[in-house]
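Below is one structure, written out as C-alpha cells; comments come after it.
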Amino acid sequence: MFNQTKILLLFLLLSLFVFIDCYPCDYNQGCDDGDECTSDSCSSESLCINIIISCDDSNACTADSCSSITGCSNLPISCDDCNACTVDSCSPSIGCCHTPISCDDCNACTIDSCLNSTGCCHTPISCDDCNACTIDSCSNSTGCCHTPIFCDDCDACTIDTCSIETGCCHSPISCDDGNACTNDGCSKESGCIHIPISCDDCDACTIDSCSSKTGCCHTPISCNDNNACTNDGCSKESGCIHTPISCDDGNACTNDGCSSETGCCHTPISCDDCNACTADSCSPITGCCHTPISCDDGDACTLDTCSNSTGGCCHTPISCDDGNACTIDSCSKSTGCCHSPISCDDGNACTNDGCSGETGCTHLEISCDDGNACTLDSCSPTSGCCHTPIVCDDNDACTLDSCSPTSGCCSSPISCDDGNLCTIDSCSPSTGCFYIPISCNDFNLCTIDLCLPNVGCVHRLKPSCYNYNEIGININ
C-alpha cells in the first residue's frame, strides 16, 4: 500500500512539471513554448516535453520567483522587524536574524533599557539618601556616593553637629568663668577669652585692685611728705602734689628761703658788683641797681669805656674802614663814620666802568661787533661804537656788486643779452656790455642779405636772378 502511494505522489508531481505536446516534433525543433520558466525538449518518441525550471538559488536571504518573460529573479528579502532594540541581518543558510542590542552604557549612574520604537534609554538613577548630613553624588564607575558633609564653621565659639533632617547645627558655647575681674568673650580662632578687666579709675589718688567676687576696689592714698615748705595735695592726673609754699616777702632786697622744719626765712642781699664803674644800691621794688658812670666825651669818632678796676674813663678812636675799595672812609665828630662812593668814570666811551669791593675801579673794553659782515666795526673813545659800511666794488663792470649781512661781499655776473639776434653780445670788465653787429653776407650775388633783430640773417633772391636759376646757370 505504501509503495502504491509513493508511485501515485510521484505521478502527480511529474504531472505538475511535464507537459507532453500531442504533436510530433523533430528533435529539438519546434518545442519552444515562449515561456522562460520552462525547459523545452523533444523526447525519443518525437513528442515535446516542457519541464518547469527551478529558480531556487539556495539562499535563504532572497525571494526566488520566475517570470515567463524574463525568467528567474532572486530579490533580497527585507529583515527589518521594526524593532529598534535588535540588529537585523540575514544568513544565506537560515535567513533573517534579529540579534538583541546591548544598551549597557557602562555608567553605574543610569538604568539601561530599550524601547522598540526608539532604542536604548539611559535613565539617571536617584542617589538621594534623604540625609541632610551627606552630599549625594554618583560615580560612573561605582554608582551612588554619599559623602558626609563638613560642618566645621571654623568658629571655636560654636559646637558643630549635624541633624539628618536639617543638616549642620552650630550651638554657641558658654565662656562665663565666674570671675568678676575678667571680661568673658570668644574668639572664632581660639575659643573662649577671659580678658582681665581694667580697674584703673584714671585717678592717681587711689590704689586700684580687683576682687574675683565683687570686682574693682579704689583705696585713697596718703600724700603727707612731712615738709613745712610744701602744701600737700593730690591730682587725679599725676597723683600726690607737693607744692612749694611761697616765702616771697615782696622785698627785692632779701633772699627768701625755707627750712623744712621751721618754714620761711628772709636774708638781706649784697648789691656790691665789684665794679668801680657802677654806683651800687638796692630798691625793695626792683632789687639791686648798678648805675654806670658816664664816660661820654661827646665825640662820635671815639669808643668810650670805663676801667672796672680803677673807675677811670678811656676814649679809643674808632675805625671807619668798611673794607670796600669803592668808598672813601672818613669820620665826623657829630655823626660818626661816613662812606662816600668813589667815581670810576675814565672818560672813555669804549669801556664799561665799574667797581669791585676787593680791587676798586674796573674798565672793561666793550664789544662793537654788530654781527653784520657789511660793516667795519670800530670804537671812538669820545662817541663809542662806529659801524662803517664796507665798499664791495670789485672794479668789474661785468658784475653786479652787493653785500650780505651774513657772508659779506658778493659779485653776480650781469646779463648783456640785448634780445637782438643781429648782434654778438659780450662784456668788457672796464666798460661793461657791448654789442658787435653780425655779418649776413652769404657771398651769393643773387641774394639780398639782411638781418632782422627777431629772426637773424635773411637771404632774399633778387628778381634779376630768377631765369638763371631756373636753367641751372650759376652766375657767381
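The values are calculated or read from the model by the stated rules, or taken from the named source; none is laboratory data. For clarity, every value in this text was computed on a predicted model and none was experimentally measured. Virtual Cβ from ideal backbone geometry, glycine too; neighbours counted across all protein chains shown. Just the protein is used for accessible areas: all its heavy atoms, side chains included, with ligands, DNA and RNA removed. Shrake-Rupley method; radii C 1.70, N 1.55, O 1.52, S 1.80 Å.
Checked against the criteria, Asp232 counts as at pLDDT below 90, surrounded by 14 or more Cβ atoms within 10 Å (Cβ to Cβ) and more than 30 Å from Cys157 (Cβ to Cβ). For region 422-434, residues that are over 17 Å from Val455 (Cβ atoms), open to solvent by 60 Å² or more (accessible area, probe 1.4 Å) and either of a type in the set (Val, Ile, Thr) or not in a loop (DSSP other than H, G, I, E, B) (or both) total 2.
Selection of region 357-389 for residues being within 28 Å of Asp321 (Cβ to Cβ) and either in contact with a strand residue (DSSP E or B) (Cβ under 6 Å, 6 or more places away or on another chain) or free of Cβ contacts under 8 Å to residues at least 12 places away in the same chain (or both) yields Cys361, Thr362, His363, Leu364. If you go through region 306-339 and keep only what is part of a strand (DSSP E or B), open to solvent by 60 Å² or more (accessible area, probe 1.4 Å) and hydroxyl-bearing (Ser, Thr, Tyr), you end up with just Thr316. For region 291-298, check the following and say yes or no: at least one residue is open to solvent by 60 Å² or more (accessible area, probe 1.4 Å), closer than 30 Å to Ala228 by Cβ and not in a strand (DSSP E or B). There is no residue in region 291-298 that is open to solvent by 60 Å² or more (accessible area, probe 1.4 Å), closer than 30 Å to Ala228 by Cβ and not in a strand (DSSP E or B). Scanning region 40-63 for residues that are in a strand (DSSP E or B) and open to solvent by less than 60 Å² (accessible area, probe 1.4 Å) turns up Asp40, Ser41, Cys42, Leu47, Cys48, Ile49, Asn50, Thr62, Ala63.
Go over the candidates Asp105, Asp112, Asp88 one by one and state the one that is of a type in the set (Asp, Glu), open to solvent by less than 70 Å² (accessible area, probe 1.4 Å) and touching a residue at least 12 places away in the same chain (Cβ under 8 Å). So that I can check it myself, show each step before the final result.
On the way: Asp112 fails: touching a residue at least 12 places away in the same chain (Cβ under 8 Å); Asp88 fails: touching a residue at least 12 places away in the same chain (Cβ under 8 Å).
Only one candidate qualifies: Asp105.
All conditions in (1) exposed (fewer than 12 other Cβ atoms within 10 Å of the Cβ); (2) in contact with a Gly (Cβ under 9 Å, 6 or more places away or on another chain); (3) part of a strand (DSSP E or B) hold for Cys361, with the sole exception of (1). Each residue in region 402-417 was checked for being within 30 Å of Leu452 (Cα to Cα) and open to solvent by less than 60 Å² (accessible area, probe 1.4 Å), and 1 pass. Looking at region 254-265, can you tell me whether even one residue there is hydrophobic (A, V, I, L, M, F, W, C) and part of a loop (DSSP other than H, G, I, E, B)? Checked against the condition, which is being hydrophobic (A, V, I, L, M, F, W, C) and part of a loop (DSSP other than H, G, I, E, B), region 254-265 yields no hits at all. Within region 136-160, the residues that satisfy the criterion of being more than 30 Å from Ile125 (Cβ to Cβ) and either of a type in the set (Asp, Glu) or open to solvent by 50 Å² or more (accessible area, probe 1.4 Å) (or both) are Asp152, Asp153, Cys154, Asp155, Ile159, Asp160. Within region 385-401, which residues are open to solvent by less than 80 Å² (accessible area, probe 1.4 Å), modelled with pLDDT of 90 or more and part of a strand (DSSP E or B)? Cys385, Cys386, Thr388, Thr399, listed by residue number. Restricting region 266-287 to residues that are open to solvent by less than 50 Å² (accessible area, probe 1.4 Å) and part of a strand (DSSP E or B) leaves a set whose member that is farthest from Gly250 (Cα to Cα) is Thr278.
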